[in-house]
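In what follows, a structure is listed as structure tokens, so that the remarks can point back to it.
The values are calculated or read from the model by the stated rules, or taken from the named source; none is laboratory data. Quick caveat, the model's predicted, so the values are computed rather than measured. In this analysis, Cβ positions are derived from the backbone assuming ideal geometry, glycine residues included, and neighbour counts consider all displayed protein chains.
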Amino acid sequence: MEFPELAGLAGGHAEARAIQTALKLGMFEAAGERPLDGQALAARLGTDPRATALLANAMAAMGLLSIEAGRYTLTDSSRRFLLKSSPEYLGGMILFDEAVFPDWARLEDSIRTGRPARVPDMFQSDPGDTERFIRAMDSLTRARGDARWVAEHLELDGIDVIADLGGGPGTYVAAILRRRDRMRGAIWDLPATLAVARRVLDEREPDLLRRIDLVEVDYLRDRLPGPVGAIFMSNIIHSENEADNARLMGRCFEALRPGGMLVIKDHVMNREMTEPRAGAVFSLYLLLMTRGRDYSFDEIAGWLGAAGFGGISLVPLPAPPFSSSLVIARKP
């Protein structure tokens with residue numbers, strides 16, 4: 001690794017914080033309305049003109065604003081990912097990262113103690129935290145295209161009901177149902193999350209709500225509803241420890257019909273736990289926020305086999321843009 005790459009990695013927090021701040025202040029929305037010079041942009045945002053110019057110039061240097069005749073306008077990337085009106089808006093995830101940024105200052109403490117930097121409650125204790133977290137997951141999934149890819153490529157012939165366990169905003173189940181008129185879906189999740197899911201679906205997919213059952217489930221404690229033909233889990237096992245995941249596989253097995261399918265989408269690590277790189281870094285995030293980490297295929301397959309599943313396979317998603325994989329298993 002050469003100096004520029006290492007320096008960029010070590011100083012990446014500065015660029016992240018600058019983007020978070022610009023988004024939080026409304027800089028991209030303002031520049032998207034019409035071209036604005038520095039004074040007009042500051043007036044629009046209610047900020048200091050000199051400081052605003054420094055931030056806007058940084059955004060331009062990063063390719064998120066352009067300067068034409070002294071006026072700031074959006075680039076194709078910012079128009080695509082940073083405007084709320086865009087179907088690929090990533091801002092929900094960016095603002096979530098901004099909200100939890102202080103927890104990263106406690107990484108050393110977590111490394112020393114092995115304990116999270118915050119209570120690992122999946123952001124259920126405060127309604128504002130729940131809303132921010134669930135909309136962040138929706139934002140990330142839509143911007144990157146995960147749900148669209150899964151809906152297009154997951155083989156679901158013969159499945160009448162698919163349950164999204166820990167389904168959050170319903171982004172995946174909605175994408176799946178849009179392509180399959182005769183299928184029903186369910187979101188199994190905690191009550192605070194389901195309240196947000198209902199609002200998100202009512203805003204974006206009101207016609208699908210009648211085909212989606214929102215069911216209160218604590219997957220760490222409750223027996224799962226069923227039987228269903230398929231259970232889908234995206235980014236669930238990485239929030240839990242090894243023992244809880246082993247028990248969860250057993251609960252999924254019980255909730256499936258014979259021949260039913262379990263689909264796990266997550267970072268699936270190599271045996272050395274170093275690839276994909278995004279998963280290795282994300283495990284530090286999980287240390288700060290959850291009881292879990294990212295797991296290897298061997299670990300996941302071990303839990304599935306012990307629960308009674310067969311036909312266990314690994315399906316990597318194309319990279320880029322993805323860094324995750326599907327693990328698919330069948331109930332005999």
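Filtering Lys265, Lys331 for residues that are of a type in the set (D, E, K, R), buried (at least 18 other Cβ atoms within 10 Å of the Cβ) and more than 28 Å from Arg142 (Cβ to Cβ) leaves a single hit, Lys331. For Ala69, the conditions (1) touching a residue at least 40 places away in the same chain (Cβ under 8 Å); (2) over 29 Å from the mean Cα position of the chain (by Cα) all hold with the exception of (1). Of all residues in the range 96-127, those being in a helix (DSSP H, G or I), polar (S, T, N, Q) and surrounded by 13 or more Cβ atoms within 10 Å (Cβ to Cβ) number 1. One residue alone among Ala174, Ala105, Ala143 is among the small types (Gly, Ala, Ser) and touching a Phe, Trp or Tyr at 6+ places or on another chain (Cβ under 7 Å), and that residue is Ala143. Those helices (runs of 4 or more DSSP H) of the range 141-239 in which at least 2 residues are surrounded by 19 or more Cβ atoms within 10 Å (Cβ to Cβ) and in contact with an Asp or Glu (Cβ under 7 Å, 6 or more places away or on another chain), considering only elements entirely within it, cover 171-178, 191-204. Tell me yes or no: at least one residue of the range 71-90 is in a helix (DSSP H, G or I), of a type in the set (A, V, I, L, M, F, W, C) and within 30 Å of Gly292 (Cβ to Cβ). Yes, the range 71-90 has at least one match. Just one of the listed residues (Gly63, Gly114) is on the phi > 0 side of the Ramachandran plot, in the same structural domain as Ser283 (by TED's automatic domain parsing), among the small types (Gly, Ala, Ser) and under 26 Å from the mean Cα position of the chain (by Cα), namely Gly114.
In this structure, Ile212 does not satisfy being under 18 Å from the mean Cα position of the chain (by Cα), closer than 17 Å to Val173 by Cα and of a type outside the set (Lys, Arg). Looking across the range 268-303, the residues that are surrounded by fewer than 20 Cβ atoms within 10 Å (Cβ to Cβ), at negative phi and over 18 Å from the mean Cα position of the chain (by Cα) come down to Asn270, Arg271, Glu272, Thr274, Glu275, Ser296, Phe297, Asp298, Glu299, Ala301, Gly302.
Given the structure, is Thr21 modelled with pLDDT of 95 or more, part of a loop (DSSP other than H, G, I, E, B) and not aromatic (Phe, Trp, Tyr)? So Thr21 does not fit the description; no. Just so you know, in the range 72-95 the residues that are of a type in the set (Phe, Trp, Tyr) and without any contact (Cβ under 8 Å) to a residue 60 or more places away in the chain include one that is surrounded by the fewest Cβ atoms within 10 Å (Cβ to Cβ), and it is Tyr89. One residue alone among Leu220, Leu201, Leu190, Leu224 is farther than 28 Å from Ser283 by Cα and assigned by TED's automatic domain parsing to the domain that holds Asp266, and that residue is Leu201. Pairing residues of the range 241-264 that are at negative phi with residues that are surrounded by fewer than 16 Cβ atoms within 10 Å (Cβ to Cβ), at Cβ distances under 6 Å and at least 6 apart in sequence or on separate chains, gives Asp244/Leu220; Phe253/Gly308; Arg257/Pro227. Looking only at the range 258-314, filter to residues that are part of a helix (DSSP H, G or I) and among the aromatic types (Phe, Trp, Tyr); which one of those is nearest to Asp146 (Cα to Cα)? Checked the range 258-314; the qualifying residue nearest to Asp146 (Cα to Cα) is Phe282.
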